[in-house]
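Worksheet for the structure shown next.
The values are calculated or read from the model by the stated rules, or taken from the named source; none is laboratory data. What you see is a predicted model, and the numbers here were worked out from it, not measured in a lab. For neighbour counting, all protein chains shown are included, and Cβ atoms are generated from backbone atoms with ideal geometry for every residue, glycine included. Just so you know, the surface numbers come from the protein's heavy atoms only, side chains and all, with ligands and any DNA or RNA stripped out. Shrake-Rupley method; radii C 1.70, N 1.55, O 1.52, S 1.80 Å.
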Amino acid sequence: MINIVLFGKPGAGKGTQAEFLKEKYNLTHLSTGDIFRFNIKNNTELGKLAKTYMDKGDLVPDEVTIKMLQSEVDKNPHSAGFLFDGFPRTLAQAAALDVFLESKGQEVTATVGIEANDEILIQRLLERGKTSGRPDDQDEEKIRNRYQEYNEKTAPLMNYYKQQGKFFEVDGIGTILEVTQRLSSVIDKL
Ligand code: AMP
């Protein structure tokens, strides 16, 4: 069983790459952003709460996010492994994930960061915002806030996993296929 965490700033291509990797490695893809958006669309209590943070580009509080993620993992008891996309995003989430997986006799196998330059990514997101309908992709100020959240709260996680020998990095600039191949070459060696 392998459990992979994909890291990358907004727009780096985590979701796009996850679509390919989940097929290739038979993993259950869990995107916390997608799950929040599904809840917003269905107007659930969780969705209403998450929306107040997401629309500003802020992170949703840890307690809510961790509980949601755990319940999604529990919905897939026969999974051959998970591909976590957009989770963990804080040290508290990473610590909770470790404890949670350990309670199931599992662990994070590896984390892979998809690297790309901020200015390229911001342009990509603004472009995506024209068709995605996502309010957090349409306003440069919100996008910059998401980057600030990433730098302050998520970037320190790389060290957390580096210390455990579980952090790898690939260049996120190139064609979708090129980036998939770079990610695959990391995963194939695990
Ligand atoms: P994403 O689709 O991964 O870019 O996530 C969109 C938004 O959902 C983020 O800007 C956050 O507001 C929220 N979100 C997604 N994942 C998390 C997480 N692990 N912790 C807190 N907020 C999250």
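Brief remarks on what is shown
- Every helix of 4 or more DSSP H residues in the chain counts as -39500 (n - 2.57), and over all residues that averages to -16500 deg cm²/dmol at 222 nm.
- Space enclosed by the convex hull of the alpha-carbon atoms of the stretch 145-187, per residue, Å³: 76 Å³
- Accessible area of the chain belonging to carbon and sulfur atoms, whole % at 1.4 Å probe: 51 percent
- Between LEU91 and GLU152, the simple spin-label model (points 7 angstrom out along Cα→Cβ) gives 1.5 nm.
- Remark: the chain carries 51 Å² of accessible area per residue (probe radius 1.4 Å; ligands, DNA and RNA excluded).
- Here the peptides 20-27, 158-165 are ranked by packing, the mean other Cβ count within 10 Å, and the order with the highest first is 20-27, 158-165.
- Partner aspartates and glutamates whose Cα lies under 18 Å from the Cα of LYS189, excluding those fewer than 8 positions away in the same chain, are identified as GLU23, GLU107, GLU169, ASP171, GLU178.
- Take the Cβ atoms of ASN145 and GLU19, set R0 to 30 Å, and the FRET efficiency comes out at 0.70.
- Length added when fully stretched, VAL186-HIS78, from 0.36 nm per residue minus Cα-Cα: 36.4 nm
- Per-residue extension of 0.36 nm, minus the Cα-Cα distance of ASP58 and GLU45, leaves a gain of 2.9 nm for this segment.
- Within the straight-line cut-off of under 30 Å between alpha carbons, the lysines reachable from LYS51 are LYS9, LYS14, LYS22, LYS41, LYS67, LYS75, LYS130, LYS142, LYS153, sequence neighbours fewer than 8 places apart in one chain being disregarded.
- With the convex hull of the Cα atoms taken as the outline of the stretch 2-184, the averaged projected area works out to 9.9 nm².
- Mean separation of Cα contacts under 8 Å (6+ apart) over length of the chain, as relative contact order %: 32 percent
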